[in-house]
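Taking it in order: structure first as C-alpha cells, then the write-up.
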Amino acid sequence: MPNTDQGVTKDRYMLIPRTAIFVRRGDEYLLIKGAPTKRLWAGKYNGVGGHVERGENILFSAQRELLEETGLLADLWLCGTVIVDAGETGICLFMFCGENVQGEVKAGVEGSIEWVKKEAILHLPVVEDLPVLLDRIHQMQRGDPPFSARSYYDENDKLIVVFTSTSTSSS
C-alpha cells in the first residue's frame, strides 16, 4: 500500500523500532555497562542494541549494533518483541538472542562490554526490565516461537511487564 493508504495520523499511537541483543555463552550473557556520560542508564547493565535506521530490516540492525558496540559477530535469532509504552510514542523492541560468537570484544563509547553470569544479574545495577526479560530469554532455545510482551509503568510508577502466550490450542 502507498503511504497515503497506511492510516498514519498524528492521533494514533506511534512506535520507534529498536533492537536489543543478548548474546549467550553457556550461563553467561554479553552485556554493556553504560558509560558514566550516557544520558540514560549510565553505570547500569543492559543488553547491546539501539535504533533501527531508516531502510534497515531488524536483523541487519541487530547485527550492525552488535558489531558497532562490541566488535563481535554472532548467529542471531528473534526471540521476542516488547512494546514499551512511553506515552504518545512507544518503543517496539525487537529482542534477539545470539550464539556462536566470533571476534574479539572491543571497547566502545557506549560503555564497557562484559560477560556476566546470569545469577550475577540480581546483584548488579541493571536497567529495570533486564532481569524479567533475561529470565524469559534464558528459558528459550533457537527455534522456539518468539514471545510477545508489553511493558509500562502503573499509577505508582512500578514497572509492569506482561507476556502474552503465543501458543495455540487445537480441538
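The values are calculated or read from the model by the stated rules, or taken from the named source; none is laboratory data. Keep in mind it's a predicted model, so treat the numbers as computed, not measured. Positions of Cβ are generated from backbone atoms using ideal geometry, with glycine treated the same way; all protein chains shown enter the neighbour counts.
Taking the criterion of being among the acidic types (D, E) and touching a Phe, Trp or Tyr at 6+ places or on another chain (Cβ under 9 Å), the only residue of the range 20-52 that qualifies is E28.
Can you name the residue in the range 1-34 that is modelled with pLDDT of 90 or more and more than 15 Å from the chain's Cα centre (by Cα) and, of all such residues, is surrounded by the fewest Cβ atoms within 10 Å (Cβ to Cβ)? The selected residue is G26. The combined condition, being of a type outside the set (A, V, I, L, M, F, W, C) and loosely packed, with under 13 Cβ neighbours inside 10 Å, is fulfilled by T37.
Yes or no, residue by residue, for (1) on the phi > 0 side of the Ramachandran plot; (2) in contact (Cβ under 8 Å) with a residue 40 or more places away in the chain; (3) in a strand (DSSP E or B):
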residue	(1), (2), (3)
F22	no, yes, yes
K38	no, yes, no
A42	no, no, no
E53	no, no, no
L67	no, no, no
L76	no, yes, yes
G87	yes, no, no
I91	no, yes, yes
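Matching residues to (1) touching a Phe, Trp or Tyr at 6+ places or on another chain (Cβ under 6 Å); (2) at pLDDT 95 or above:
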| site | (1), (2) |
| --- | --- |
| L122 | no, no |
| V126 | yes, yes |
| V132 | no, yes |
| P146 | no, yes |
| A149 | yes, yes |
| Y152 | no, no |
| V162 | no, yes |
| T168 | no, no |
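Checked across the range 117-137, the condition of being under 27 Å from K38 (Cα atoms) and in a strand (DSSP E or B) holds for at least one residue. Residues that are under 12 Å from G80 (Cβ atoms) and part of a loop (DSSP other than H, G, I, E, B) within the range 138-155 comprise Q139, M140, D144, P145, P146, listed in sequence order.
What residue, among those in the range 94-127 that are under 15 Å from the mean Cα position of the chain (by Cα) and over 21 Å from G143 (Cβ atoms), is surrounded by the most Cβ atoms within 10 Å (Cβ to Cβ)? Ranking the candidates gives V126 first. With respect to A86, determine if the residue is surrounded by fewer than 17 Cβ atoms within 10 Å (Cβ to Cβ) and within 20 Å of I160 (Cβ to Cβ). Yes, satisfied.
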